[in-house]
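In what follows, a structure is listed as C-alpha cells, so that the remarks can point back to it.
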Amino acid sequence: QVQLVESGGGLVQAGGSLRLSCAASGVTFSYYSMGWFRQAPGKEREFVAVVGWGGGLTSYADFLKGRFTISRDNVKNTVYLQMNSLKPEDTAVYYCAIARTTGIPRQRWEYAYWGQGTQVTVSS
C-alpha cells in the first residue's frame, strides 16, 4: 500500500533552518506531484508548497515570501522542504501528500494520500 513517512522536524530558534524529508513507497513516485501542507493547533490544514512530477514546476503559499524551497529526488522517491528564516508562526505539524494529478494542485481535496506528519516548533 501507499506509505509516506515524514522526518526532519524538531525544535529550532527563530531565524533558524530545518529540512523536512518525505519518503514514499507503494506508488510510482515519479508519476505524481507532491505537496507539503501544515496544520497549527486550532487551525485548518493549509497549503505550503507543491512540486510537479519532474521537479521543474513548483508553487508556494503566498505567506512564505521565498523562505521555503520544495524539491524532489525521483530516484530516492523522496520530496524535501527546505525551511529557512523560520518564524514562531511556522510552528505546526507538517504533512506531505501525493497529488491525484500531475499538475501543481494547491487544495487539500486534490491530494490522495497523506503522511502522519512531523512536528516543527519554532521558539522566539
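With a cut-off of 13 Å between beta carbons, the residues surrounding ALA14 carry a summed charge of 0, where Lys and Arg count +1 and Asp and Glu -1. Built from the Cα atoms of the chain, the convex hull projects on average onto 6.8 nm², one quarter of its surface area. Largest GNM mean-square fluctuation among GLU46, GLU89, GLU110, using the chain with Cα springs under 10 Å: GLU89.
A short reminder: the numbers here are calculations on the coordinates, not readings from a lab. Note that the structure is predicted; figures quoted are calculated from it, not measured. Heads up, the Cβs are rebuilt from the backbone with ideal geometry, glycines too, and the neighbour counts pull from every protein chain shown.
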